[in-house]
Amino acid sequence: MSGDHLDGKLRKNINIGSYVEVVQKADQRSGELIEGAVKRILTKSPKHPHGIKVLLDTGEVGRVKVIHED
């Protein structure tokens with residue numbers, strides 16, 4: 001992961017509308033990422049070792065691996 005991306009393990013780095021790449025539970029082994037805008041943040045704790053869980057505007061749920069900055 002390059003240094004110009006925020007850490008997807010920290011809830012404070014993710015906002016509604018943030019454009020992110022997530023890994024879905026079924027894809028954790030392959031590491032396949034899907035991207036979209038955050039509709040809801042599902043993880044309540046300030047950080048999570050595998051990434052903050054979010055609901056994308058596409059309806060898919062996954063843990064944030066990459067946060068794209070504007």
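Flag not set for Val54, criterion: touching a helix residue (DSSP H, G or I) at 6+ places or on another chain (Cβ under 9 Å) and at pLDDT 95 or above. Each residue in segment 11-30 was checked for being within 16 Å of Ile67 (Cβ to Cβ) and either of a type outside the set (Phe, Trp, Tyr) or free of Cβ contacts under 8 Å to residues at least 40 places away in the same chain (or both), and 12 pass.
Gly8 falls short of the stated requirement of being at positive phi and either touching a residue at least 12 places away in the same chain (Cβ under 8 Å) or of a type in the set (Phe, Trp, Tyr) (or both). The strands (runs of 3 or more DSSP E) found entirely in the chain that carry 3 or more residues being surrounded by fewer than 16 Cβ atoms within 10 Å (Cβ to Cβ) and of a type outside the set (Asp, Glu) are 33-41. Entry remark, segment 31-69: residues being of a type in the set (S, T, N, Q) and either closer than 14 Å to Ile16 by Cα or free of Cβ contacts under 8 Å to residues at least 12 places away in the same chain (or both) number 2 in total.
The values are calculated or read from the model by the stated rules, or taken from the named source; none is laboratory data. All values derive from a computational prediction rather than experimental measurement. Backbone-built Cβ (ideal geometry, glycine too); neighbour counts: all protein chains shown.
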